[in-house]
1. With both bridge residues required to lie in region A:154-304, what share of the DSSP beta bridges run antiparallel, to the nearest 5%?
2. Calculate the dipole size of chain B relative to its Cα centre from +1 charges on Lys and Arg beta carbons and -1 charges on Asp and Glu beta carbons; express the result in debye to the nearest 20.
3. If you wrap a convex hull around the C-alpha atoms of chain A and split its volume per residue, what is the figure in Å³?
4. Counting other Cβ atoms within 10 Å of each Cβ, which GluC sites (Glu not before Pro) in region A:267-304 have at most 10 and sit in a DSSP loop?
5. Any idea which of A:Phe33, A:Met267, A:Ala189 is furthest toward the positive side of the dipole for region A:4-299, if Lys and Arg beta-carbons carry +1 and Asp and Glu beta-carbons -1?
6. Between A:Arg156 and B:Asp96, what is the FRET efficiency for a Förster distance of 60 Å, r being their Cβ-Cβ separation, to the nearest 0.05?
7. Under 26 Å Cα-Cα from A:Lys187, which lysines qualify once same-chain neighbours fewer than 8 residues away are excluded?
8. Taking every DSSP beta bridge that has both residues in the protein assembly as shown, what percent is antiparallel when rounded to the nearest 5?
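Where a number appears in this text, it was derived from the coordinates with a stated rule and is not lab data. This structure is a prediction, so every number in the text was calculated from the model and none was measured. Don't worry about glycine lacking a Cβ; one is built from the backbone with ideal geometry, like all the others, and counts go over all protein chains shown.
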Number of protein chains: 2
Amino acid sequence: MAELLVVGSVALDSVETPFGQVQEVLGGSATYFSCSASFFTRVRLVATVGQDFPKEHVQLLEDRGVDVGGLSVAAGRTFRWSGAYGYDLNEARTLDTQLNVFANFRPALAENLRRVPYLFLANIDPELQLEVLHQMRERPRLVALDTMNFWIQGKREPLGRVLREVDVVTINDAEARQLAGEPNLVKAARAIAAMGPRTVVVKRGEYGALLLDDGAFFVVPAYPLESVFDPTGAGDTFAGGFMGSLAARDRVDRGTLRRAMVYGSVMASFTVEDFSLNRLARLAPHEIERRYADFEDLIRLERA
Amino acid sequence: MAELLVVGSVALDSVETPFGQVQEVLGGSATYFSCSASFFTRVRLVATVGQDFPKEHVQLLEDRGVDVGGLSVAAGRTFRWSGAYGYDLNEARTLDTQLNVFANFRPALAENLRRVPYLFLANIDPELQLEVLHQMRERPRLVALDTMNFWIQGKREPLGRVLREVDVVTINDAEARQLAGEPNLVKAARAIAAMGPRTVVVKRGEYGALLLDDGAFFVVPAYPLESVFDPTGAGDTFAGGFMGSLAARDRVDRGTLRRAMVYGSVMASFTVEDFSLNRLARLAPHEIERRYADFEDLIRLERA
């Protein structure tokens, strides 16, 4: 079992879906990621919050065994995001973004974090992703990054540079098309692989996820849920299950990558069952294994 | 190997996609279905065309071994459909529909067709689907039907009656939601199963297809194609591969149904590579087996 470092955002989210709404609940890419990954391995978190950040949120992560030594408290208010979803639940409409202390986030890794062998660069400025990567004392065994439309549009050049240095990119389908400038998703995934990463993971919301690894595709559906409550954080939760399961096995090959795709989907399927991290907070390991078995059954094709 | 009877439409289609356009080419639900199924078993076709229907189109079906004895030629013009697709290729915009001789189509099965053991009721008026079913001398081993928004809206009551009498329904995702009155696709599929059919197949275009059989789900992705040329007929081609492979094995169980889902996806993935039935017309059986093997690889999850 190898340790896993994540650098990203911790936020307070306000979310409205057709099924309810919540105000200033725990959110952020690094939060979902680390809580999800904590079910698989030891996670070390680097992020920043403001002085207003509720202590019980930190406690939740500590209860999950996440090392929050790298969570700095800066003068000012915590990053806030608010968004709304319509009935199709596939895309959030951002209502408001207040970067607050996150605007000045310059991650400085403590010495003990600079040799962690698995690294996830969550969705932050690609220049910061590069800075973090260059602070590592030795090249991690696996580096993955996530990104979004905002950086694809506004930080194309540094994004290109960090893509050349990572092993895995996780990205949603619309953003994959945007990054590659190519409407066909298969061509888009191949074009992104040609930018550097050996492995491309395309997240497709209710349609599951696509893996392109070393030229070969693998497709995993989303878990057939009867009620999806709030999709916020599903992508980062997926990434947490994906990277967490790889770090736990400390082995990256065709088999572990495909199983990581399923673990990512399993974890995401829990997150969307409730607001914020509520479902992950009450999740038991045996539920993960049971749902993994359900996934195996969902895609199993016996030979004639 | 058991025979397969299909009753549906034969049409002349005019189609525009971002990649080209064609005028009055061979189309129709029963056409795509029977050509696709002909790679698996002996297909008998019941449909109607007008006096203007080109002989070479009939020849194409005969060359595929399809029994066209039930293809009647009526006074008047052949059914015409014209539609256009945007870049996402997921939904056709119908530009024009001319029912012509299809408006008076009242399928009367010749005696030798009334004991065919596998029956597909392609997308026609549910009252006609019922009439066909009631002309059978004995209950076929497997009856499937396809339907669409037009009948869901306008012929709800007869559609409900025929649904109670069939084993399988194939339907696209938007229409599944419409038929069930339920936005969640998992709940919608279960609701449709509660209307009668033991097996529900939901076609999701570029996202693949979903099988609900005896309460259990199976999901197959679409084949990752680098270029999709024209999605017209993909759903009927899918149904042809699905029913054809079942009739070929003459066995309907969990294993054959799941493999039928893959054969359906394989056949549909060829159809969309060209306009009309062009790709199916030049398809070789070894290409089907090769792509089936690609599908197995695309969803294969080894145990740790």
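1. Numbers: 10 of 15 bridges.
Around 65 percent antiparallel, to the nearest 5.
2. On the way: 34 positive and 40 negative charges, 200 e Å.
With Lys and Arg at +1 and Asp and Glu at -1, about 960 debye.
3. Convex hull of Cα atoms, per residue: 129 Å³.
4. For GluC sites (Glu not before Pro) across region A:267-304 that sit outside H, G, I, E and B with at most 10 neighbouring Cβ atoms in 10 Å, the list reads A:Glu302.
5. A:Ala189
6. It comes out at approximately 0.85.
7. Once the sequence-local lysines are set aside, what remains near A:Lys187 is A:Lys155, A:Lys203, B:Lys203.
8. On the way: 43 of 105 bridges.
Antiparallel: roughly 40 percent of the beta bridges in the protein assembly as shown.
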